[in-house]
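Scroll down for the structure; my scribbles are underneath it.
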Amino acid sequence: MAAGKKTAADLGAYVCFEDEAGQELRPPRGRTWAPRGRRPVVRVRGRGAGRVNVAGVVCYRPGDRSRFFYTPHLYHGRKGEPKAFSWRRYRDLIVMTHLRLGAPVVWCWDNLNVHLVRELVEFAQEHQDWLRIVQLPRYAPELNPAEGIWSLLTRSLADFAAADLVHLTRVVKRKLKKIQYRPHLIDGCLSPTGLTMEPDTVTSSDITSSS
């Protein structure tokens with residue numbers, strides 16, 4: 001990540017962290033108030049009724065407002081229907097983020113198979129004037145601030161009973177849009193990772209005298 005921060009500083013780029021999440025019609029469980037001994041019951045549809053997948057990216061640059069962008073993918077459970085994002089959808093998300101920010105981007109994501117396909121590698125090589133891709137370490141979700149976005153979304157959907165996939169998609173988009181307009185929430189997702197966007201500085205304690 002230190003190399004990525006230096007590259008971002010040299011390019012005047014945003015550091016962007018991408019990740020994916022999904023939500024079925026069965027909602028995440030959450031705590032709520034109820035009379036003692038009368039546990040509330042939320043009736044929802046069973047499994048196999050589809051899923052809303054979301055690819056999201058949080059963007060940081062010192063001195064600028066933090067940003068969050070996303071793109072949804074609906075899986076209806078039909079035969080032959082793609083369940084997840086294709087490499088083209090990821091490419092389009094990168095391009096959209098670059099255009100929205102109006103600046104170069106250092107793109108950080110995990111080692112998902114589709115992230116490593118030849119087409120995306122070639123795309124990055126063709127656009128080195130504004131794009132650098134950094135692979136996060138394996139099995140290190142704690143380093144990705146986008147995980148915090150999904151935590152916020154999950155809490156907001158706790159015990160929510162959607163009527164169908166269209167209803168669920170509409171609610172997910174509304175929840176994510178609220179996050180987009182609250183940069184302090186996006187900033188808060190960075191803090192638990194231990195990462196900072198401020199340039200690294202050398203202090204006197206880092207300097208040792210040579211004999």
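The values are calculated or read from the model by the stated rules, or taken from the named source; none is laboratory data. As the structure is a prediction and not an experimental result, all values here were calculated from the model. Cβ: placed from backbone, ideal geometry, glycine included. Neighbour counts: every protein chain shown. Accessible surface areas use protein heavy atoms only, side chains included; no ligands, DNA or RNA. Shrake-Rupley method; radii C 1.70, N 1.55, O 1.52, S 1.80 Å.
For the reader, a short list of remarks on this structure follows.
- Summary value for region 53-196: 24 percent relative contact order, contacts being C-alpha pairs under 8 angstrom separated by 6+ residues.
- FRET efficiency estimate (nearest 0.05) - Cβ-Cβ, Trp33 to Ala84, R0 35 angstrom: 0.40
- Span-like helix ranges in the chain, DSSP H, alpha carbon extent 15 angstrom or more, Kyte mean at least 0.0: 146-156
- Calculated mean residue ellipticity, 222 nm, the chain: -10000 deg cm²/dmol, from DSSP H runs (n ≥ 4) at -39500 (n - 2.57) each, averaged per residue and rounded to 500.
- Here the chain exposes an accessible surface that is 50 percent carbon and sulfur, computed with a 1.4 Å probe and the other protein chains kept in place.
- Packing rank of 22-29, 121-128, where each peptide gets the mean count of other beta carbons within 10 Å, highest leading: 22-29, 121-128
- The chain - Rg over Rh from alpha carbon coordinates, Kirkwood radius: 1.05
- For Ser191 and Asp159, a Förster radius of 41 Å and the Cβ-Cβ distance give a FRET efficiency of 0.90, rounded to the nearest 0.05.
- Residue-span extension gain [Tyr181 to Val121] - 0.36 nm each, minus C-alpha spacing: 18.4 nm
- Residues whose placed amide H lies under 5 Å from that of Cys108, excluding near-sequence neighbours: Cys16, Phe17, Glu18, Val134
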